[in-house]
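Participant: Below you will find the structure I want to go over with you.
The values are calculated or read from the model by the stated rules, or taken from the named source; none is laboratory data. Quick caveat: nothing in here was measured; it's all calculated off a predicted structure. No Cβ is skipped: glycine too gets one built from the backbone with ideal geometry, and neighbour counts run over all protein chains shown.
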Amino acid sequence: MKLSDELCRILQETRTVCVLTGAGISAESGVPTFRGAEGLWKKFRPEELANFDAFIRNPQLVWEWYNYRRQLIETVTPNQGHIALARIEQGVDDFTLITQNVDNLHRRAGSKNVLELHGNIMQSYCIECGAKDDHPDFSGENKVPRCKTCGGLVRPDVVWFGEMLPQHVFEEAERAAQRCSLFICVGTSAIVYPAASLPMTAKQAGAYTIEVNIERTEQSRIFDETLLGKAGDILPSIADSIQLIKGVKA
Ligand code: BJW
Ligand code: ZN
């Protein structure tokens, strides 16, 4: 993909890069996104399953959704988009990867400085005593795992609607967005807050902001450039440019 002259110039100068990713970056690995017909699991909208009330009403259904996704994620591998972001990290002095994804594919691709805003699907904890339980036992009543310490319900360690994001993680994400000179927003519909506020945070602090998505989003107008296409096609071009300029060996 041919990058604009302006973006090439920015890539030559930039030392500080911040990236925000969403479900779209994992789509090419075979992980479904949340929204759009393809993204729906058994016709449920994410808002109907990803909230605490839904979990209390029907923990079996919500765990069924998470177990379907956990099993899928274990069978997939990082794609060219994930790998390109890990290469960009090697080519700049200060790099922060903020992800809304819970699938761990960035770390598996080699990214180091990763901030998980919405948790991690492979971890879980008891809603009563808070004990961590990363190997929940689904053999009990209704296939819903119970805490080995207190018998409370065990839930996935992810952030649902109406819940606060881990405060220190979001604060670090905001600081990264404020200090970067290039902000790249990849594969997110950018409608879920507070993650969706980060592009504006970066822009107001003076960063050059680009969006990589297969289609325009509600936030496209705030970016300096929207690069339309698959993350796995576009991000390698950006990584190549940075590595060429900085002389990093591929
Ligand atoms: C490609 C591609 C390819 C495809 N290449 N691109 C009214 C106004 C403003 C805010 C609110 C409001 N009412 C409520 C709120 C707050 C709420 C919110 O934002 N709601 C909006 C929906 C309106 N937010 C919250 O509740 C958050 N907490 C909070 O605000 O705390 C304060 C508070 C506390 C108490 C009371 C009130 C406030 C928490 C949000 C948690 C979101 N959790 C989820 C589930 C995580 C766990 C799990 O994975 O199961 O996070 S929901 C789901 O959405 C998940 C995602 O991380 C998140 C974002 O989705 P994402 O990643 O953008 O995916 P998609 O599917 O939407 O988009 C994919 C994109 O990829 C598309 O654009 C494609 O085109 C593109 N694409 N292939 C490039 N190959
Ligand atoms: Zn417990």
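Participant: In segment 191-216, which residues are β-branched (Val, Ile, Thr) and surrounded by 19 or more Cβ atoms within 10 Å (Cβ to Cβ)?
Facilitator: Val192, Thr201, Thr209, Ile210, Val212
Participant: Output yes when any residue across segment 179-200 is away from ligand 2 (no atom under 16 Å from the Cβ), in the same structural domain as His82 (by TED's automatic domain parsing), basic (Lys, Arg) and more than 18 Å from Ile10 (Cα to Cα), and no when none is.
Facilitator: Checked segment 179-200: no residue is away from ligand 2 (no atom under 16 Å from the Cβ), in the same structural domain as His82 (by TED's automatic domain parsing), basic (Lys, Arg) and more than 18 Å from Ile10 (Cα to Cα).
Participant: So the check is Cβ under 7 Å with 6+ separation or different chains; which pairs have a first residue in segment 50-61 that's more than 23 Å from Thr33 (Cβ to Cβ) and a second one that's of a type in the set (A, V, I, L, M)?
Facilitator: Pro59/Val144; Pro59/Leu153; Gln60/Val144
Yes/no per residue for (1) within 16 Å of ligand 1 (Cβ to nearest atom); (2) of a type in the set (Gly, Ala, Ser); (3) more than 30 Å from Val19 (Cα to Cα):
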residue: Gly119; (1), (2), (3): yes, yes, no
residue: Glu128; (1), (2), (3): no, no, yes
residue: Ala131; (1), (2), (3): no, yes, yes
residue: Gly140; (1), (2), (3): no, yes, yes
residue: Arg146; (1), (2), (3): no, no, yes
residue: Cys150; (1), (2), (3): no, no, yes
